[in-house]
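One structure is given here, and the rest of the page talks about it.
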Amino acid sequence: MLISEHATTIESCRFCFMCRHVCTAAVISGRESDTPRGKGLILFKVLKGHAEYNAELVDTLYRCCLCGLCDTWCKADCHPPDAVLAARADLVAQGKAPFAVQQIRDRVLQTGNPFGLPGEKRWGAVGGPSRFRERAEVVYYVGCDTAYRQPQIAAAFLNILDAAHADFTLLRNERSTGKPLALLGYRDEARAMAARLAADIQAARPKILVTTCPSAFDAFQSDYPAMGLEFRGIEVLHATQYIDRLMEQGAIVPREQPAAVATFLDGTYLGRTHAVYDEPRRILGRIPGWTLREMIWTRELAYSCGESGGVFHLLHPESSHNMAARVLDEAAKTGANVLITACPATKTRLQASDRPNLAVRDIVEVVADAVTGSDAPA
Amino acid sequence: MPLRTDSYLNEFLYTELADVVGSENVSTSASDKIAYSCDYYWIPELWIDRGRRGPEPDMVVHPRSVEEVSRICRIAGKHGIPLTTWGGGSGSQGGALPIHGGIVLDTKKLHRILEIDKTSLTVTAETGIIMQHLEWALAQEGVGTMHEPASISCATLGGFLGHRGTGVLSTKYGKIEDMVLALEVVLADGTVINTLPVPRHASGPDLTQLFLGSEGTFGVMTKATLKIHPLPEVRRFHAFVFPDLHTGLEAGRQLMARRLRPCVIRLYDEAETRRLIRRVLGIDKDGAYLVFGFDGDRDSVALELSKALAICRALPHEDLGPNLGQDWWDHRYDFFFPNHMFHLPQAFGTLDTVATFANIENVYCAMKRVVEEQFPMARYIGHFSHWYEWGCMLYARFIIDDPPEDAHEAAQLYNRVWDACLRAAMQHGGLLNEHHGIGLKLGRLMRELYGPAYGVLENIKQTIDPGNIMNPGKMGFPAFR
């Protein structure tokens, strides 16, 4: 069992309560089983052979959105999300994945995206074919959430790339990174998808691989090397890092924008995992007219919308909705009129829990407006 | 009789509960049965560790309003089913364990802050709110309850009220019973009552105090009004090492006798100084480590601090300065993370007690003697962490590094240590407990503690909960039948 590699975490968490107040899933549900302690108790029983995975225990293991706040808060060396991921892989190996999880796997494998939408529709609003090149200095990996749910973010990033006169290409056969499969416990299938995508990326011989999707960024930065898929000579950047660099170089210059007060939501992959905290703030700070007001919980302690679970919202839409509502409440307390994320999936979640007087935008859209839009009225 | 999970009567109970709170707020999941079968008490942890099943509820309900709590109580009463209130489940006494099955009423969806009154400096909140969430929300308004226990992240307001909890700033700001002004309580028959809006009245006995520490056996507390305080301008700490515990106790006593108002006094015995203070704070000293702190306006703090320093410096001491006191504050919760906390296979218990200054050292020594003479396999350590004008609290611990593998043998040994130590404490003027409560763990000793006065508590329980459905079998009250 893979969970045996996480025995220290499981044996520590089973009787520890110290992070329950930050656990996104448990704070939303109020259920003890959703806390890292609850999952520690369950996994301890499984680990010792005192219990087997049944439908209810399995359900609990998929109720975690993997936000990593437990990990961040912990002062011992415990990593509950890793234990949960190992457990999912174990129960998948035992053929005990829930039907809903199997359906998502099938959709990703068949269509290349978790929504089950046709591959040819990936580029519908982005104009993909005109952007395909055999080789380029920059490969822009768009990602499923961006392509299918937030194509305007992709369009905005393409505008930025154009404004910077970047030598770039999209991937003709772009599909999921495979990360949603890995998060659901399908490690072999995830690796197979990753290997195909990595080969396509390498074929373009880019110097930079950039993505607007934090989940994909984490896949390229962490998951792929862990699978033995190295991008030698290719620098992996999130769009915020790339834009920050373009601004630093003067390749794009934001123009005065109508006055707006913004608050920025850090995320699990970009923030807690890879500590990309300063780049988004530097970017917003360079846009004349924008003022940034921080939420109480920012950076590594920022609230989660559950986007870190990849397809969490497909399995638990109500919980996902409540997580987003909590973030919106926090954002509203700042008095900001725009909540900015750097994650297309998060934006979709937040828009689903819409609030009057609080627009939700991706940072890439904001930058595109400032770089390519018309000047603000005098 | 308690319900049997495989009984079709369960289906009727489920239907009625779901009708009240919605099916998404009633759980019969195996996951929840495991998670609610274990709190922070060592015996259920042992049970889990040894592969045994803990005391599982038949159903867990998550009410969202006092009306829902009232209806749930009526359903439990009608069916004659035990109803155990669960807040954070982080109690160390087994108080929230559903030892007779039935319904666990999880209060965590009663988490609203209803009013922050900045004129009177009070806050009214539902009792299922996790204390840290309340404190964070108050801090945004520049105020706080100043209830800062190590369990702040995991326990609910109701949990503290139910067990007369305390925090590290209690020496100035009091225990939870000093902070609370008024309560809303749902009784076993579903009646919702409110205690008087403020204490310090002469309109009969204080009903608020009656429910504090009742551990869910008298009703379900659903709402509380607490005092709040402006966040202090400064909070300053200072640490000393005294050559022995006796000198440290004398320093603490003099600080209190002088009627200074430290927010913290924390004195560790020689064993804890050598073990925990060294390991967590990296302070490598022999003797008894004492840290104290003052908070408030800068000039008031400076004045009180100078008087406190003079008291400590008049005794044999080593002055560790302010930084090694601040370190303790900065790391005050680290002690409870798994890398620093005692854990299985060790057996351990916190023998917290309280006594007057005249008795507290004798209580400490009496329990220490019991452990050393009767239980040579155990170690004894302690610190003194909540101080009053008349005495202080002793947070003593016993630790058995290698308890019996057999769960029954281990539990029996564990209970013998508890009985022997607490009887020694009571003989020397100590009580059964100071701020963790009684629960399942210590109920058998309640009659010895109270003597004939325990009958008064029994009569109140019988009157207020004639069907004995509210958390039966705790606090020494009868088991469910």
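When you check B:Ala76 against the structure, is it surrounded by 20 or more Cβ atoms within 10 Å (Cβ to Cβ) and assigned to a strand (DSSP E or B), yes or no? The answer is no for B:Ala76. Here A:Asp77, A:Asp34 are screened, and the one residue that is crowded, with 23+ Cβ neighbours inside 10 Å, among the acidic types (Asp, Glu), within 12 Å of chain B (Cβ to nearest Cβ) and out of contact with any Asp or Glu (no Cβ under 7 Å at 6 or more places or on another chain) is A:Asp34.
Taking the stated definitions as given, is B:Gly282 small (Gly, Ala, Ser) and touching a strand residue (DSSP E or B) at 6+ places or on another chain (Cβ under 8 Å)? Against the criterion (small (Gly, Ala, Ser) and touching a strand residue (DSSP E or B) at 6+ places or on another chain (Cβ under 8 Å)), B:Gly282 does not qualify.
The single condition among (1) surrounded by fewer than 24 Cβ atoms within 10 Å (Cβ to Cβ); (2) of a type in the set (Ser, Thr, Tyr); (3) more than 9 Å from chain A (Cβ to nearest Cβ) that B:Thr127 does not meet is (1). Can you confirm whether B:Ala396 is more than 24 Å from B:Glu215 (Cα to Cα) and crowded, with 21+ Cβ neighbours inside 10 Å? No.
In the set (1) more than 22 Å from the chain's Cα centre (by Cα); (2) buried (at least 18 other Cβ atoms within 10 Å of the Cβ), A:Ala7 fails one condition alone, (2). Under the condition of being of a type in the set (Asp, Glu) and away from every other protein chain (no Cβ under 14 Å), the residues counted in the stretch B:59-88 number 1. Kindly provide the set of residues from the stretch B:31-53 that are among the hydrophobic types (A, V, I, L, M, F, W, C) and more than 8 Å from every other protein chain (Cβ to nearest Cβ), ordered by number. Hits for the stretch B:31-53 are B:Trp42, B:Ile43, B:Leu46, B:Trp47.
Looking at the structure I just gave you, is B:Ala202 assigned to a strand (DSSP E or B) and either touching a residue at least 24 places away in the same chain (Cβ under 8 Å) or surrounded by fewer than 16 Cβ atoms within 10 Å (Cβ to Cβ) (or both)? Taking the combined requirement at face value, the residue does not satisfy it. The condition (being out of contact with any strand residue (DSSP E or B) (no Cβ under 9 Å at 6 or more places or on another chain) and hydroxyl-bearing (Ser, Thr, Tyr)) is satisfied by just one residue among A:Tyr277, A:Tyr269, A:Tyr303, A:Tyr242: A:Tyr277. Just to be sure before I move on: is A:Leu43 buried (at least 22 other Cβ atoms within 10 Å of the Cβ), more than 9 Å from chain B (Cβ to nearest Cβ), touching a helix residue (DSSP H, G or I) at 6+ places or on another chain (Cβ under 9 Å) and touching a residue at least 24 places away in the same chain (Cβ under 8 Å) in the structure I sent? Yes: the conditions hold for A:Leu43. Within the stretch A:91-103, can one find any residue that is at pLDDT below 95, more than 21 Å from the chain's Cα centre (by Cα), surrounded by fewer than 17 Cβ atoms within 10 Å (Cβ to Cβ) and not hydroxyl-bearing (Ser, Thr, Tyr)? Scanning the stretch A:91-103 turns up no residue that is at pLDDT below 95, more than 21 Å from the chain's Cα centre (by Cα), surrounded by fewer than 17 Cβ atoms within 10 Å (Cβ to Cβ) and not hydroxyl-bearing (Ser, Thr, Tyr). Only one entry of A:Arg131, A:Arg122 meets the criterion of being charged (D, E, K, R), within 29 Å of A:Pro206 (Cα to Cα), touching a residue at least 12 places away in the same chain (Cβ under 8 Å) and in contact with a Leu (Cβ under 8 Å, 6 or more places away or on another chain), and that entry is A:Arg131. Counting only residues that are among the acidic types (Asp, Glu) and outside any helix (DSSP H, G or I), which one in the stretch A:313-369 is nearest to A:Cys67 (Cα to Cα)? By that ranking, first place goes to A:Asp362.
Restricting attention to the stretch B:144-159, the residues that are surrounded by fewer than 21 Cβ atoms within 10 Å (Cβ to Cβ) and at pLDDT 95 or above total 0. Quick one: would you say A:Gln241 is surrounded by 16 or more Cβ atoms within 10 Å (Cβ to Cβ), part of a helix (DSSP H, G or I), in contact (Cβ under 8 Å) with a residue 40 or more places away in the chain and outside the structural domain of A:Val311 (by TED's automatic domain parsing)? No. Within the stretch B:103-115, the set of residues being away from every other protein chain (no Cβ under 12 Å) and either out of contact with any helix residue (DSSP H, G or I) (no Cβ under 7 Å at 6 or more places or on another chain) or modelled with pLDDT under 95 (or both) comprises B:Arg112, B:Leu114, B:Glu115.
The values are calculated or read from the model by the stated rules, or taken from the named source; none is laboratory data. Computed from a predicted structure; not experimentally measured. Cβ sites come from the backbone with ideal geometry, for glycine too, and all protein chains shown count toward neighbours.
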